[in-house]
Amino acid sequence: MRSVHVTRGRLLRGLTALVVTAAGVGATAAPAVAVDDPGWVSGWLGDLTVGGPAAPARTVPLTLTSTGATQPRVSIDLAGLAGVATASFPDWCVTEATSVTCPMPADAVDDFGTLTGTVPVVFRAAPGAVDGATGTLDYTALGEQTEAYAQQATVTVRSGPDLLDMVDTYVTGVEVGDTLAVPVAVVNAGDQPAVDLRLTMRFPVGLVPISYRNCRYGTDQVLATVAVCTVRGTFAPGQRHELRGGLATTVGPATLGSKRITQFVEPLASAGPLPSGVKLKSRDADQALRLRAVGAPLGVIPVEASGAGGQTYLREVQGAFDIAAQGATVAGAVGDTVRVTVGLRNEGPGVPDATNSGGGVGALLFTLPAGVTVLSSPSGCWPAGSEDEGGDAPATWYCNGPGPVFPAGTSYTAAFDLRIDSLPGTPGEIQPAERYPRVDDNPGNDVAPVTVS
């Protein structure tokens, strides 16, 4: 996508004001006049692919965002799509020849003064458009007196099957022990049937999917269950297919916090490589996973079906867990070097899981005992004390955790070599750096002493 900056007359007005000010040197100074902030408006429409003329139309979101602007809107020029694709807009947009103007949608969301709205645009290949044809759509987001930015999206016509996932679901109130019916739904947005497909699903740690005989299962490096299923059948253009009753998934005792179940569909004939780092094996099962046609073929694919991937998001599962601090006691004389090993242990059953955010879990804080100096520290640990601490204040070290997940029944430890400078000293302590995803069920063991005597 290319972006072209469109200048406005504000520079000219500013130069004029400068000349007037210079001419008035020596005269009585007048108070400065504040210039009102006109705000800003931005738009986004990604490059897209549509099927050939026999394919259903695709609905694509044009996102409009504005802060403090008057009459935020987007102006679209369709001339570059001639002979390649057509685009239609909601009836609250104004069309003149190949130009369309859409105001900020009435249902735009106001998030602390920033409006965000979606203009659904329906694209369809033009009659006679050939495989590989490309066109462009130019659009400019603007408001009264704002800077305007002209942008361009490329529309490509591609013949063949084009499977899209139709699942984007948020679920609340889930508890350990529940069985969920995870939806699975796909549609072919291409102009040719897809014969057989591959469905790849990933269930984060704690979630246990039912077994099917046409699927293979494995566990990835963050303890998620990966299922790769070969689903037989012919998936016609525009036809929605679903797994009847959903995919039964048990919320096991390791489930803790928010979870995202992902799914990805692709024609079997053109499927990419299997998930790396996962050993897939078949399981004994009495049934096969089958997707069945639902309803009449769609003439227009809805905006929710935006790609081959989908998700079911579980919000804040309140599973039980206990993170226990592991302190230490060592002895030595002044001048000795002693090794102190501190850590945290996940007593379970819940498994802290930060794979949604891409962060880590199980980080710890180690406050040194008084009268010692750190001679060596593990990798992933560094001083974390405040600059305002006095010279006699005990130093605190921060250590990264074991990674995105902290398995139940495991410990994360860090070994420090300390020189004893004086005895006796006030004990130090070890504790979690954060209470993630919440304070655990036994906070009484969250802090443990570290003593050098």
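The values are calculated or read from the model by the stated rules, or taken from the named source; none is laboratory data. Quick caveat, the model's predicted, so the values are computed rather than measured. No Cβ is skipped: glycine too gets one built from the backbone with ideal geometry, and neighbour counts run over all protein chains shown.
Brief remarks on what is shown
- Residue match in the stretch 238-253 (condition: free of Cβ contacts under 8 Å to residues at least 24 places away in the same chain, under 27 Å from G177 (Cβ atoms) and assigned by TED's automatic domain parsing to the domain that holds G307): no
- If you go through the stretch 53-108 and pick out every residue that is of a type in the set (S, T, Y) and in contact with a Lys or Arg (Cβ under 7 Å, 6 or more places away or on another chain), you end up with 2.
- The criterion of at least 3 residues that are closer than 30 Å to P449 by Cβ and more than 29 Å from the chain's Cα centre (by Cα) is met by the following strands (runs of 3 or more DSSP E) wholly inside the stretch 265-345: 323-326, 328-330.
- Inside the stretch 141-193, residues that are touching a Leu at 6+ places or on another chain (Cβ under 7 Å), assigned to a loop (DSSP other than H, G, I, E, B) and over 30 Å from G80 (Cβ atoms) make up a count of 2.
- Within the stretch 214-233, the residues that satisfy the criterion of being in contact with a strand residue (DSSP E or B) (Cβ under 7 Å, 6 or more places away or on another chain) and either part of a loop (DSSP other than H, G, I, E, B) or among the hydroxyl-bearing types (S, T, Y) (or both) are N214, Y217, T219, D220, V222, L223, A224, T225, T230.
- Some residue of the stretch 240-258 being assigned to a loop (DSSP other than H, G, I, E, B), of a type outside the set (D, E, K, R), touching a Phe, Trp or Tyr at 6+ places or on another chain (Cβ under 6 Å) and at pLDDT 95 or above: yes
- A residue that is closer than 25 Å to V130 by Cβ and in a helix (DSSP H, G or I) cannot be found anywhere in the stretch 91-106.
- Checklist (1) buried (at least 21 other Cβ atoms within 10 Å of the Cβ); (2) within 30 Å of A296 (Cβ to Cβ) applied to T255, failing item: (2)
- Total residues in the stretch 354-374, condition assigned to a strand (DSSP E or B), under 13 Å from S422 (Cα atoms) and either in the same structural domain as A254 (by TED's automatic domain parsing) or of a type outside the set (S, T, N, Q) (or both): 1
- Test result for A106, touching a Phe, Trp or Tyr at 6+ places or on another chain (Cβ under 8 Å) and not polar (S, T, N, Q): yes
- Residue in the stretch 138-146 that is within 30 Å of the chain's Cα centre (by Cα), of a type in the set (A, V, I, L, M, F, W, C) and surrounded by fewer than 17 Cβ atoms within 10 Å (Cβ to Cβ) present: no
- Selection count, the stretch 204-213, where residues are in a strand (DSSP E or B) and farther than 24 Å from F235 by Cβ: 2
- Scan of the stretch 68-96 for residues that are within 25 Å of G299 (Cα to Cα) and of a type in the set (A, V, I, L, M, F, W, C), ordered by number: I76, L78, A79, L81, A82, V84, A85, A87, F89, W92, C93, V94
- Of all residues in the stretch 417-429, those that are assigned by TED's automatic domain parsing to the domain that holds P378 have Cβ atoms under 7 Å from Cβ atoms of residues that are surrounded by fewer than 16 Cβ atoms within 10 Å (Cβ to Cβ) and among the acidic types (D, E), 6 or more apart or on another chain, in I420/D336.
- Hits in the stretch 383-409 - residues which are of a type in the set (A, V, I, L, M, F, W, C) and either more than 19 Å from Q431 (Cα to Cα) or modelled with pLDDT of 95 or more (or both): W397, C399, V405, F406, A408
- Here V439, V351 are screened, and the one residue that is hydrophobic (A, V, I, L, M, F, W, C), part of a loop (DSSP other than H, G, I, E, B) and without any contact (Cβ under 8 Å) to a residue 24 or more places away in the chain is V439.
- Residue within the stretch 195-203 that is touching a His at 6+ places or on another chain (Cβ under 6 Å), surrounded by 20 or more Cβ atoms within 10 Å (Cβ to Cβ) and in contact (Cβ under 8 Å) with a residue 24 or more places away in the chain present: no
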